[in-house]
Amino acid sequence: MKIARSPDFLESVANDPRVFPAVSCAGMERVDLAPVWGDCIGLEFDTGGWLFHRLRPAYYEVHTLFLPRSRYVREMALAAAHYMFTGTDAMELVTKVPVDLPSALALAKASGFTERFTRKGAWIRDSGAVDVVYLGLTLDEWARGVGREYLAERGEWFHQQLGEHQTHDDDPIHDLFVGLGIACAEAGQADKGLWLYNRWAAFAGYRPLEMKRGAIRFDGVVLRVSGENVTVEKEQCP
């Protein structure tokens, strides 16, 4: 996976003769992403990718663009959602799928999206109007759903690093939200991770974390993040 620096590749996939009929509406001659590119994040894989169009702050509409017979698309979809929720400001992803694209609808649901509503005849093709299913996935739904296994593993790893500094008994849901914070930090969004954890902690009854001099500190323990490297150490007395 790589972050797109221009719309060229995704645009070429959208305009491929095998893809264009599925992603276009009546009267369209080609897909042109340039007018909206400034509000988009593109994620590219070998045979396609996703365009995340920012509709509002932290709120992105997803467009799936893959060549036919692409392999491991669900795995790539999970990787893309993980990046968006941990490496960007995204708090909710939404997408809409015409009902004449059952494979795309199945992919969205397999990636954690759930149906919000359906609009009759909302997609106009050259052959006529097609119903459209509207779906969404919030960060909290993702963390408790398809992202749960990875996040819980990261949180469990963190608690193992604490060793004698552990301050509570095993708590799987705490592992999950600590793992979420760590995943955000690893993706360069330490502030988001800290905010997400503290939001949950305030509700769950755990002590909040605090950021000091580039490190997360709590109960005498320091969490330092450098790129993808995360270390845990006992805080030294001044």
- Accessible area per residue, Å², the chain with all protein chains present, probe 1.4 Å: 54 Å²
- Query: In degrees, nearest 10, range 0 to 90: what is the angle between the Cα axis of helix 190-204 and the longest Cα principal axis of the chain?
  - Reply: 70 degrees
- T114 versus R74: modelled label distance in nm, points set 7 Å from Cα along the beta carbon direction: 1.9 nm
- Just tell me which lysines come within less than 27 Å, Cα to Cα, of K212; anything on the same chain fewer than 8 places away is out. K192, K234
- Query: At a 1.4 Å probe radius, carbon and sulfur cover how many percent of the accessible area of region 1-100?
  - Reply: 53 percent
- Query: Taking the chain, how much of its Cα-Cα pair set, in percent, is spaced more than 21 angstrom apart?
  - Reply: 61 percent
- How long is the gain from K2 to F20 if the chain were fully straight, where each residue apart is worth 0.36 nm and the alpha carbon distance is subtracted? 4.2 nm
- Which of the lysines could a cross-linker bridge to K96, judged by Cα under 25 Å and excluding same-chain residues fewer than eight apart? K2, K109, K120
- Note on the structure: What helix-only [θ] at 222 nm does the chain give? Using -39500 (n - 2.57) per DSSP H run of at least 4, over all residues, to the nearest 500, the answer is -11000 deg cm²/dmol
- Message: Antiparallel versus total DSSP beta bridges in the chain: what percent is that, nearest 5?
- Response: 95 percent
- Task: Within region 75-115, which residues have the backbone N less than 14 Å from the label spot 7 Å out from S127 along Cα→beta-carbon, could you tell me?
- Result: 98-103
- Item | Acute angle (nearest 10 degrees) that the helix 148-162 long axis makes with the longest principal axis of the chain, alpha-carbon atoms | 20 degrees
- Counting only protein heavy atoms and leaving out ligands, DNA and RNA, the solvent-accessible surface of S12 at a 1.4 Å probe, in Å² to the nearest 10, equals 60 Å²
- Query: Got a sec? What order do Y134, Y72 fall in by accessible area at 1.4 Å, biggest, i.e. largest, first?
  - Reply: Y72, Y134
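The values are calculated or read from the model by the stated rules, or taken from the named source; none is laboratory data. In this text the structure is predicted, and so the values were computed from the model without any measurement. Every residue, glycine as well, gets a Cβ built from its backbone with ideal geometry; the counts of neighbours run over all protein chains shown. What goes into the accessible areas is simple: the full protein's heavy atoms, side chains included, and nothing from ligands, DNA or RNA. Shrake-Rupley method; radii C 1.70, N 1.55, O 1.52, S 1.80 Å.
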